[in-house]
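Beneath this line is the structure, given in structure tokens, with notes to follow.
The values are calculated or read from the model by the stated rules, or taken from the named source; none is laboratory data. Every value quoted in this text rests on a predicted model; they were computed, and no experiment measured them. Methodologically, a virtual Cβ is constructed for each residue, glycine included, from the backbone with ideal geometry; neighbour enumeration extends over all protein chains shown.
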Amino acid sequence: MNILYDERLDGALPTVDKAALLDTLRSALPDLDILHSAQDLRPYECDGLSAYRVVPLLVVLPQRLEQVQALLKICHAHQVPVVARGAGTGLSGGALPLEQGILLVMARFNRILEINPAGRFARVQPGVRNLAISQAAAPHGLYYAPDPSSQIACSIGGNVAENAGGVHCLKYGLTVHNLLKVEILTIEGEYLTLGSDALDAPGFDLLALFTGSEGLLGIVTEVTVKLLPKPQVARVLLASFDSVEKAGRAVADIIGAGIIPAGLEMMDNLSLQAAEDFIHAGYPVEAAAILLCELDGVEADVQDDCLRVEAVLKAAGASEVRLARDEAERVRFWAGRKNAFPAVGRISPDYYCMDGTIPRRALPGVLHGIGELSREYGLRVANVFHAGDGNMHPLILFDANQPGELERAEALGGKILELCVAVGGSITGEHGVGREKINQMCAQFNADELTLFHAVKHAFDPLGLLNPGKNIPTLQRCAEFGAMHVHHGQLPFPDLERF
Amino acid sequence: MDQDHDDSSALLEQVRQALVDCTPLRIQGSDSKAMLGRPVNGRPLDTRSHRGIVSYDPTELVITARAGTPLREIEAALHSAGQMLPFEPPHLGDGATLGGMVAAGLAGPRRPWAGSVRDHVLGTRVITGHGKLLRFGGEVMKNVAGYDLSRLLAGSFGCLGVLTEVSLKVLPRPRSCQSLCLTMGLRQALDELAAWGQQALPITAACHDGEALHLRLEGGEGSVASAAERLGGTLLDNRYWHDLREQRLAFFAGDEPLWRLSLPHNSPSLSLPGRQLLDWGGAQRWLKSAASPAVIREAVAHLGGHATLHACHSASFHPLAEPLLRYQRNLKQQLDPSGIFNPGRLYADL
Ligand SMILES: Cc1cc2nc3c(=O)[nH]c(=O)nc-3n(C[C@H](O)[C@H](O)[C@H](O)COP(=O)(O)OP(=O)(O)OC[C@H]3O[C@@H](n4cnc5c(N)ncnc54)[C@H](O)[C@@H]3O)c2cc1C
Ligand SMILES: Cc1cc2nc3c(=O)[nH]c(=O)nc-3n(C[C@H](O)[C@H](O)[C@H](O)COP(=O)(O)OP(=O)(O)OC[C@H]3O[C@@H](n4cnc5c(N)ncnc54)[C@H](O)[C@@H]3O)c2cc1C
């Protein structure tokens, strides 16, 4: 895939004179940390999608908001592209640098400004790690609900930019549902407050628009999140199935029974074996698939719901249903799930993580389709995912050192996403478009829809300086890429690796 | 009228004609909310011919319907499958439509616990200011492809486009529901609410009328019964919440202007002339008061909130400050370049 910024397809970028820019920044911002030598820049060449690397022009590491504001004003005046970066755990190349642009690292803004137990909110700087918020709130019996598996490392600013989810978002929502207020700086260096300390704000809902905008509309400088009381109890059921399709159907049955679990996750045989070898969670390694179903709330309700879910699972054909005996076993069951990606990383030199979402009813069919595609392409696929939300994470196993395997993995990934779109789903549920899925956006949206996205961008960043080349493809790119749009069932991808 | 009718091409034609004639449109469902917001002069665009539920599969927790579908039709379909719109939208009139409900973006008593209208919007079809019928989002729970235009349209009062179809996330109705009335003053109520909010109690509505705190508990039978026992008080008819939502409580009677104050939930009581009713566990306060808008807005803004006058008035909505107003204007200009959608409904130049 042509992942590097391509001016012919992605639009011309302003030419920036590195030495002159460095001079300007040093004289305007003498105490700003700026990295400029090749060896210092190298560590920032990629985010969590490490297959794609670009060395940035400069890296800046501000510590005060006045520095960020001044920097943006300079970049705006001199037309320098700016790519924001939080913790760099993104999986779609959203923080992939530009050779022609500044990488603005927000990680040093890592102070928790306020934990307000009576108001049930936390006000934090954008570089604060997701888990740090819940840890700071814990003494008050409160926590921040969205819990991406990367929560020990990823930043709240990155979570806002990606609208991150987690294993508990079926019941507790995504980042967008758990924000009260976000402060941003525009590319012109102006502060905007989106949302408010109340539950709504006058005017158009820019908080909703900015959440998930991948650093293309503004730089997040402060975030106020809602805190929730910790549930009294949480129990987890582990159900084994002799086919992935049966497990997929059981997911819809649970929801159909009127129960909203706190988490409902599925792992197929390949991923549960890998996780078992790594974590020794106590998974049934002979099962074709398992479901982990967590129920939380007040003791009496949770007990009732456990019985209900157990009955549904058995009726759906589960060969075994186990209730975690105690808190230690519950934590072990989840540890296996949360470490499934690294576990799969141990059984394959490389893997490629997909992020499509589909309607729940399509789960059995899509799982079956993925199995067939996996055989067709001769690459193993491990499925471990947020089944309750219909958010699939097929992990495609490959070896980048074998000629052609990366390309085959990308082609297989593209087919899987097309399958998701074909059943009414989306190419990305929580990892974002970034650079990785820029071409698939042409399959998800038509030219008029993309034009409207560009219009939105124009309202906030008419010069297109914030994170150019990410999230929304140009029409030129889609015209060239149009071949993908047609004929499901054919194999458009092999033609498309190089334009 | 037909129960089920796809009239999107006629709506699209009217928008295209308006673009050709440079004639503003006044988008309306049943016009039940005409009393809210600034008056709009324009050729009426009535969405009610475009109606019907397009798809509803309870196990998906999603309903998709055309914008002109009466809200009551949607609620009836959900009810028969044991589900609901979690944000309890007010109807305020018999014919309220789905499109009007989403465009107005207001939610009922369950809002602080269940989320807002926009929180439940998964996808939309919309006629844009460029005269195109486009689709954003979809029927899946999670979708971060492109900007979230569907959620932006919720609460935009029809100023950014004509909604023709909306997909909403829905939830199962709670198995058990019980309402309570506890006699206590406002200050004590706010203290209790702050303390309960930090515990896992199944409260899903809280309203204080000056004399008593009204609570609703919802969840499984066990949790509702044990919370009711713990909180005490007297039993309250569950219909109370319906009357609150539809503004039928005695409080709403009288000629003084009605204000909706949106505040941090633990804000202290406001000393403003007139009568107040605390809703949303404190995050929404209704005010019947003849005080000047400037006085009310200053008091509310001081606490980090904003105030909406529920009347057809040139300054219904809380004024926006620069530079926010400028960016909101930029957005309107980009999405509705000819300014044909409800011009001036929210603000003079939006
Ligand atoms: C092992 C693993 C598991 C993961 N599990 C999940 C999961 O369960 N759910 C999930 O949703 N994601 C998951 N992710 C993906 C990733 O952690 C999230 O997307 C996260 O939100 C990224 O945060 P970050 O701080 O690392 O952002 P980065 O990767 O640094 O940046 C991500 C995007 O945000 C922008 N950005 C960052 N900071 C700012 C700012 N201050 N202002 C404006 N824009 C900004 C960047 O420009 C970029 O476009 C996982 C990643 C890994 C490696
Ligand atoms: C006494 C009373 C009090 C009310 N109080 C409130 C309140 O506090 N908050 C609140 O939000 N609602 C309030 N409502 C309105 C209530 O929520 C409505 O019943 C319902 O939401 C709107 O339905 P409608 O079809 O009548 O909308 P309409 O009144 O016809 O339209 C409402 C708004 O949405 C726009 N609109 C309508 N359809 C579309 C569409 N398809 N695409 C784009 N824009 C569209 C209209 O232009 C208008 O700006 C109140 C109603 C009454 C009678």
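Brief remarks on what is shown
- The residue list B:THR69, B:THR64, B:THR47, B:THR59 contains one member that is in contact (Cβ under 8 Å) with a residue 40 or more places away in the chain, touching a helix residue (DSSP H, G or I) at 6+ places or on another chain (Cβ under 6 Å) and over 22 Å from B:GLN284 (Cα atoms), which is B:THR47.
- Note on segment B:48-60: residues that are at pLDDT 95 or above and buried (at least 23 other Cβ atoms within 10 Å of the Cβ) amount to 2.
- Counted as qualifying within segment A:191-296 are the helices (runs of 4 or more DSSP H) with 1 or more residues that are within 14 Å of another protein chain (Cβ to nearest Cβ) and more than 16 Å from ligand 2 (Cβ to nearest atom), namely A:206-210, A:244-256.
- B:ALA18 passes every criterion in (1) within 14 Å of ligand 2 (Cβ to nearest atom); (2) out of contact with any Asp or Glu (no Cβ under 7 Å at 6 or more places or on another chain); (3) on the phi < 0 side of the Ramachandran plot; (4) assigned to a loop (DSSP other than H, G, I, E, B) apart from (4).
- Those residues of segment A:324-367 which are closer than 27 Å to A:HIS280 by Cβ, in contact (Cβ under 8 Å) with a residue 12 or more places away in the chain and of a type in the set (Asp, Glu), in sequence order: A:GLU329, A:ASP350
- Residue check, B:GLY95 out of contact with any Phe, Trp or Tyr (no Cβ under 8 Å at 6 or more places or on another chain), small (Gly, Ala, Ser) and at pLDDT 95 or above: no
- Residues of segment B:146-188 that turn out to be part of a loop (DSSP other than H, G, I, E, B), farther than 20 Å from B:ALA107 by Cα and more than 16 Å from ligand 1 (Cβ to nearest atom), as a count: 5
- Taken residue by residue, segment A:146-154 has no member that is among the aliphatic types (A, V, I, L, M) and either within 12 Å of chain B (Cβ to nearest Cβ) or buried (at least 19 other Cβ atoms within 10 Å of the Cβ) (or both).
Yes or no, residue by residue, for (1) out of contact with any Gly (no Cβ under 6 Å at 6 or more places or on another chain); (2) under 30 Å from A:ALA400 (Cα atoms); (3) not in a loop (DSSP other than H, G, I, E, B):
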{"residue": "A:LEU13", "(1), (2), (3)": "yes, no, no"}
{"residue": "A:ALA19", "(1), (2), (3)": "yes, no, yes"}
{"residue": "A:SER27", "(1), (2), (3)": "yes, no, yes"}
{"residue": "A:PRO30", "(1), (2), (3)": "yes, no, no"}
{"residue": "A:ILE34", "(1), (2), (3)": "yes, no, yes"}
{"residue": "A:ASP40", "(1), (2), (3)": "yes, yes, yes"}
{"residue": "A:PRO56", "(1), (2), (3)": "yes, yes, no"}
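- Test set (1) more than 23 Å from A:HIS168 (Cβ to Cβ); (2) touching a residue at least 12 places away in the same chain (Cβ under 8 Å) - A:GLN402 fails condition number: (2)
- Here segment B:171-202 is the region considered, the condition is being closer than 28 Å to A:ALA252 by Cα and under 23 Å from the mean Cα position of the chain (by Cα), and the residue that is surrounded by the most Cβ atoms within 10 Å (Cβ to Cβ) is B:PRO202.
- Some residue of segment A:120-139 being in a loop (DSSP other than H, G, I, E, B) and farther than 26 Å from A:LYS73 by Cβ: yes
- Listed by position, the helices (runs of 4 or more DSSP H) enclosed by segment A:357-450 that each have at least 3 residues that are within 23 Å of A:ALA340 (Cα to Cα) are A:363-377, A:405-422.
- Test: residue in segment B:25-42 that is more than 10 Å from ligand 2 (Cβ to nearest atom), closer than 16 Å to B:GLY158 by Cβ and within 14 Å of chain A (Cβ to nearest Cβ): no
- Long-range neighbours under 8 Å by Cβ, at least six apart or interchain, first residue free of Cβ contacts under 8 Å to residues at least 60 places away in the same chain within segment A:209-231, second among the charged types (D, E, K, R): A:THR211/B:ASP148
- Residue in segment B:222-237 that is away from every other protein chain (no Cβ under 13 Å) and touching a residue at least 60 places away in the same chain (Cβ under 8 Å) present: no
- Qualifying residue in segment A:169-183 (condition: farther than 30 Å from B:PRO202 by Cα, surrounded by fewer than 24 Cβ atoms within 10 Å (Cβ to Cβ) and within 11 Å of chain B (Cβ to nearest Cβ)): no
- Condition check for B:ARG151: within 9 Å of chain A (Cβ to nearest Cβ), among the basic types (Lys, Arg), under 23 Å from A:ALA443 (Cα atoms) and touching a residue at least 24 places away in the same chain (Cβ under 8 Å): yes
- Test set (1) closer than 30 Å to A:GLN63 by Cα; (2) away from ligand 1 (no atom under 16 Å from the Cβ) - A:LEU216 fails condition number: (2)
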